[in-house]
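Data block below; observations after.
The values are calculated or read from the model by the stated rules, or taken from the named source; none is laboratory data. The structure presented is a predicted model; accordingly, all values stated were derived computationally and were not measured. For neighbour counting, all protein chains shown are included, and Cβ atoms are generated from backbone atoms with ideal geometry for every residue, glycine included.
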Amino acid sequence: MGKIHELDSVLADQIAAGEVVERPASVVKELVENAVDAHATQIDILVQESGVRSIRIIDDGDGIDDTDVLTAFKRHATSKITSREDLFKVHSLGFRGEALPSIASVADVVMSTSTGTTGTRIHYRGGKLLQQAPAPLRQGTDITVTDLFFNTPARLKYLKSPQTELANILDVVNRIALSYPGVAFRLVHNAKELLKTAGRGDLQQVIAGIYGVQNARKMVEIQGADDDFKLTGFVALPELTRASRQYVTVLINGRAIKNQQLTKAVIKGYGSKLMVGRYPIAVIDLQMDPLLVDVNVHPTKQEVRLSREPALAKLISTTITARLVDVNLIPSALTNLGSHRREALNTDQLAMNLNAASSQYHVASKDPVATERFAASLAAAASPTAVSESSEVAETPASMAVEPVSSAAVPEMDTQTSADSAEPIMISDRRELAATSVNDFDQRYQDEAPELPFGAQAETQEELAVTSDSEEAAGERFPQLRYLGQMHGTYLLAEADDGMYILDQHAAQERINYEYYRREIGEVSTDQQNLLVPIILDYPTSDVLKIKEKLPVLAELGLHLESFGGNSFIIHAHPTWFKAGQEEDTIREMVDWLLQDDKLTVAQFREKSAIMMSCKRAIKANHHLDDQQARALLTKLPDCENPFNCPHGRPVTVHFTNSDMERMFKRIQDSHEARD
């Protein structure tokens, strides 16, 4: 008897499920995408115990004809492609034809579907058909998946903690909702509504439902296009950042995708406006000819292959850069203080509660009694009272109960979060997430409408006007500041017609220096200054080999090193823009940068050199300036291309508005009545 045989169809489906159905979120993704492809306008996602117990998807889409229901549960069956040519012009979200049979092979699946003229109810368990019967004629599909991985218990051991699995589900739904603002989505977990979108086609409203109205107000609309691509979306002002790249959502033809190069292009568009280690919130919606994108390169269809990717990345970065050029980016001082106050709240208690819930997870997957305790502990850990009872923080609305894991704890684990970790959401991340579930900085210091509950929608576009205090300031991009004095040899105090400004003197001069060096390094001329005494540099052999390989890069910047025997180099001249008295230090620093990363391009080397030199040659803290020096600094700063941030992204100045000052001194009461 031969050794080679054909696998049983159920076993083949279970193997396919290993690629398509990795976790409960995978089930949600596949079924919700099917509902979108079926032209649904309302999709309800009902989940119990992070999807381990049950997942139910209800839509009002086209439904499946009774003659096609059994075929839909066969491998490689699909209604979305018919020929080879269709593979290269995909307009749907899914077409691999493995989702339904794969899910049915590792779970209990009951589906009722109707086209409006016929209705069918079908029941599969472990890949075996148990029942087929007529169903009500409500148009659309209602599918319930229970006992996920009941016949493949090894898969259960690879699931993460309950809050992580719930976060993955939330991320999937959030990104699909951002992709299709014209579809109304509702996500309910353990009878608590976590997300609700209106389906009005307004992307900004969906962003507000996911990230909150206050954050949506700090996002600006972008538009760009070239011959092949059309770009729209919203990006956050630089003051609104997060700790990882996972808040950048890239959509291609209605599909949320993962692409490191496009994500980097978004970050590059901010230039030095972002602090080091901080990343923006962004939703980038790209439309292109389907021939330019291949979505059939990954079982989950989240990774795609793009034609003309460099051109697309450039379009993204230049569009964002151009949009932020003329925006006043000075943050409100009280907003900055508010973010720190929220971080200082007792959000550790929430993280402890979540950890306590996750410790019961693996027990719950084996013990039916423990399953009930697991569900209760998850609800308790994520409830607003878990925070408010221990920290005297005002309780959030009930509909916001699990917001800490909504838009922030997303599944893609980039350089900030390890995908292999059994607990990928770090405590520091939970603090940031939990902080979003408590009230914003004391409402007495804000003159804005209260933030809507998570999932609630603003009634009018006016309620979501994307403006900030800085944008509402007087028409000029950067105010004309009048110098008042210096504080602790570190901060400069100034005033303008709209309030008081505090400047970090080191950050201010660092920005001025950076733009000078970037300009000079980028516009290298043949002008050289001869040295009276040549500079000799000595390096170990390993470094000499690297330097010799990169001599052309140094020459691009006007720095010519000549071999001087052994492990030495000699320099006879330097660019004229070098500061007098700092020639040798500057040369050594530039060579050191090159040695740290021998893969630097010329453009990257120029940028890093400019940042390095601007920092080392800036005024330090605790350095007292006289009035003339301080005023000179304030005069040069507005002439900068970006006077708002140092090259590392820290704010140069913060702003106290006139009304901020009046509130702090109680000249304006909470009722907005002036005090005598």
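Data for the structure
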quantity	calculated
Test result for Leu31, within 25 Å of the chain's Cα centre (by Cα) and closer than 15 Å to Asp142 by Cβ	yes
Identity of the residue in region 35-60, in a loop (DSSP other than H, G, I, E, B) and at pLDDT 95 or above, that ends up surrounded by the most Cβ atoms within 10 Å (Cβ to Cβ)	Ala40
Restricting region 275-291 to residues that are among the hydrophobic types (A, V, I, L, M, F, W, C) and surrounded by fewer than 18 Cβ atoms within 10 Å (Cβ to Cβ), the residue that is modelled with the lowest pLDDT	Val276
Checking Asp228 against (1) at pLDDT 90 or above; (2) within 19 Å of Leu274 (Cβ to Cβ), the condition it does not meet	(2)
Region 299-310, subset surrounded by 15 or more Cβ atoms within 10 Å (Cβ to Cβ) and at pLDDT below 85, residue farthest from Leu329 (Cα to Cα)	Pro299
Residues within region 117-148 that are surrounded by fewer than 21 Cβ atoms within 10 Å (Cβ to Cβ) and either part of a loop (DSSP other than H, G, I, E, B) or among the hydroxyl-bearing types (Ser, Thr, Tyr) (or both), tallied	11
Residues of region 499-524 that turn out to be within 30 Å of Asn658 (Cα to Cα) and at pLDDT below 85, as a count	0
Those residues of region 19-49 which are in contact with a Leu (Cβ under 7 Å, 6 or more places away or on another chain) and over 17 Å from Thr164 (Cβ atoms), in sequence order	Glu33, Val36, Asp37, Ile45
Criterion violated by Leu594 - all others in (1) assigned to a loop (DSSP other than H, G, I, E, B); (2) at pLDDT 75 or above satisfied	(1)
Flag for Gly489 being touching a residue at least 40 places away in the same chain (Cβ under 8 Å), in a loop (DSSP other than H, G, I, E, B) and of a type outside the set (Phe, Trp, Tyr)	yes
Residue within region 240-247 that is under 16 Å from the mean Cα position of the chain (by Cα), under 24 Å from Val183 (Cβ atoms) and not assigned by TED's automatic domain parsing to the domain that holds Met612 present	yes
Residue match in region 135-152 (condition: basic (Lys, Arg) and under 18 Å from Glu30 (Cα atoms))	no
Residue list for region 170-200, filter: out of contact with any strand residue (DSSP E or B) (no Cβ under 9 Å at 6 or more places or on another chain) and either part of a strand (DSSP E or B) or farther than 22 Å from Ala282 by Cβ (or both)	Lys192
Ala167, sole failed condition from (1) of a type in the set (Gly, Ala, Ser); (2) assigned by TED's automatic domain parsing to the domain that holds Gly63; (3) not in a strand (DSSP E or B)	(2)
Subset of region 140-149 [modelled with pLDDT of 95 or more and of a type outside the set (A, V, I, L, M, F, W, C)]	Gly140, Thr141, Asp142, Thr144, Thr146
Answer residue from region 91-116, given it is surrounded by fewer than 21 Cβ atoms within 10 Å (Cβ to Cβ) and of a type in the set (A, V, I, L, M, F, W, C) and is modelled with the highest pLDDT among those	Val110
